[in-house]
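Data first, discussion second: the structure below is written as C-alpha cells.
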Amino acid sequence: MKLGRRETLRAGVGAGVLAVAAPAIVQAQAPLKMDLSTVWPDGNFHTKNCKQFAEEVGKVTNGAVQITVHAGGSLGYKGPEHLNAVRDGLVPMADILNIQQVGDAPLLGIEGVPFLVGNADELKVLQKYARPEFDKIATRFNQKILYTVPWPTQYIHCNVKTDTLDGLKGLKIRVPDRQAGDMINLLGMAAVQIPWGETVPALASGAVVGVSTSSVSGVDGKFWEFLKVFYKTNHVWSSQIVTINLDFWKKISPANQQAILDLVAKLQPGFWNVSVEADQSSAKRMIEGGMTMIEVPPAMLKEMRTRTASLEEAFIGRAGPAAREIIVAYKKELGRA
C-alpha cells in the first residue's frame, strides 16, 4: 500500500528520531572504565585488596563500572601526589597513604601522632571520630572516600642491636612523612623523608641505614638483603584511603553508587583483618630471611614516649581545632581523658 504525503513525512520523522536516539542509547549502556593508581607492588595486601574491590565492583554493577588497578606506581604518580592527581582528574581513583598528604591537609596525619594509637582496635575508635573530617577534606579535594585500610604496626628496621636509645643515636632512618621524621629526630636518630619508591635504592646506596615502616613493606623491599634487625616500636599508624574523583562518581547511576557503598561496607572489615594477618606473616618472612625481631625493653619504650610527648600538641597546632576535638573524644572513649 502506498503511503500518502502526511504518512510519508511522519514515517521519515520517526526514523530520524530513532537515528538520533540510537547513539544515545548505546552511550548510556557503555561501561564507565576507570584506572586506580597505587604505588604498592602486586604482592602487597593493599594492592590485592584494591584488585578484589575492583573485581567485586564489576559484579555488583553488572559490568557498568569497570576498574583497572595499576600497581607499583606504573601510572607515574608517587604516593604524595595522589591526592592532587585524583582532585584534578589526572587519574580517576587512587589508593592514597593519608600521612603523606599532610602538606595539603594536615589533619590526615592524625594517625601518625607518635604513640597515640596502640593497636588496630584503638585505631577503629580514632577513625570513628576522624572519618567525618576526612570526608570533608576529600570533598574539598573533589573526591569521595570509598574505604580505608590501615597499615600494620610499625617497626624501626636497621643493623644495630641495642637496648637503649643511645645505641641508635645518629642512624640515618628513612621515614614516610614529616611527623615520623620529627619523632625519629627526637629519639636521637637522623630522619630522611623519602617516598617508598626511592627507599630500597637509598638503602642500597647507603643514603639511609634504616627504615621506619611496617613489616609488610619490609617484605616488599626484601630488607633482609640490607638489614639485620627490626624493633617492634609500634610508634605510629597510617591508613590507605581509596578515593574516587567526584566528577567520575557522579557519572555512576544512583543505584550503582549505592551498590558500591554497600559493597565497601561489606569488604572493609575483611580488609582490616588482612592487615593484621599481613603483619604476622610478613614478620615471619623477615625472620626467615635472616632478620631478628626485637621487643623494645619497657625502659627504652618509656623513654621513647617521653621524648616524643610534645608532638601531640605540635600536631594539633598544625591541624587545627578539629584535631583536638577528635583526640579528646577518642581518649575519652578509651578512658584516657
Original post:
Projected onto the charge dipole of the chain (+1 at Lys/Arg Cβ, -1 at Asp/Glu Cβ, origin at the Cα centre), which of 334, 267, 89 gives the Cα projection farthest towards the positive end?
Top reply: 89
**OP:** Net charge near residue 247: determine it from the other residues with C-beta under 12 Å of the C-beta of residue 247, scoring Lys and Arg +1 and Asp and Glu -1.
**Re:** +3
**OP:** Work through the residues other than residue 218 whose Cβ is under 14 Å from its Cβ and net out their charges, Lys, Arg +1 and Asp, Glu -1.
**Re:** +2
Subject >> Cα-based shape type of the range 248-324, given that a ≥ b ≥ c are square roots of the gyration tensor eigenvalues and the cut on a/c is 1.5 >> reply: oblate
**OP:** List the trypsin sites (Lys or Arg not before Pro) within the range 304-337 that fall in a DSSP loop (any state other than H, G, I, E or B) and whose Cβ has at most 16 other Cβ atoms within 10 Å.
**Re:** 336
Original post:
Taking the Cα atoms only, what angle lies between the long axis of helix 298-308 and the longest principal axis of the chain, rounded to 10 degrees?
Top reply: 60
**OP:** Would you calculate, for the chain, the mean residue ellipticity at 222 nm contributed by helices, counting each DSSP H stretch of 4 or more residues as -39,500 (n - 2.57) and dividing by all residues, to the nearest 500?
**Re:** -15500 deg cm²/dmol
**OP:** Would you pull out the residues with amide H under 5 Å of residue 143's amide H, same chain only if 5 or more places away, H placed 1.01 Å from N?
**Re:** 246
Original post:
Under 21 Å Cα-Cα from residue 51, which lysines qualify once same-chain neighbours fewer than 8 residues away are excluded?
Top reply: 33, 59, 78, 144, 266
Subject >> Between 0 and 90°, nearest 10: helix 45-60 axis offset from the chain longest Cα axis >> reply: 20
Original post:
Angle, helix 120-140 long axis vs. longest principal axis of the chain, Cα atoms, 0 to 90°, nearest 10?
Top reply: 50
Subject >> Dipole magnitude (debye, nearest 20) for the chain, charges at Cβ of Lys, Arg, Asp, Glu >> reply: 920
Original post:
FRET efficiency for residue 306 and residue 207, Cβ-Cβ distance as r, R0 = 25 Å, nearest 0.05?
Top reply: 0.25
Subject >> Packing-based ranking, highest mean first, of 46-52, 90-96 given that Cβ atoms within 10 Å are counted >> reply: 90-96, 46-52
Subject >> Qualifying lysines (Cα of each under 26 Å from Cα of residue 169; at least 8 residues distant if same chain) >> reply: 161, 222, 228, 232, 302
Original post:
(1) 96, 46, 44; (2) 72, 47, 33; (3) 102, 44, 29: which one is Cα extents along the principal axes in Å as calculated from this entry?
Top reply: (3)
Subject >> Extension gain (nm, one decimal) between residue 120 and residue 255, 0.36 nm per residue minus Cα-Cα >> reply: 45.3 nm
Subject >> Whichever aspartates and glutamates have a C-alpha closer than 19 Å to that of residue 48, once near sequence neighbours (fewer than 8 apart) are set aside >> reply: 35, 56, 95, 220, 277, 279
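Coordinate-derived values only; no laboratory data. The model shown is predicted, which means the values in this text are computed figures rather than measured ones. Cβ coordinates were reconstructed from backbone atoms using ideal geometry, including for glycine residues, and neighbour counts include every protein chain displayed.
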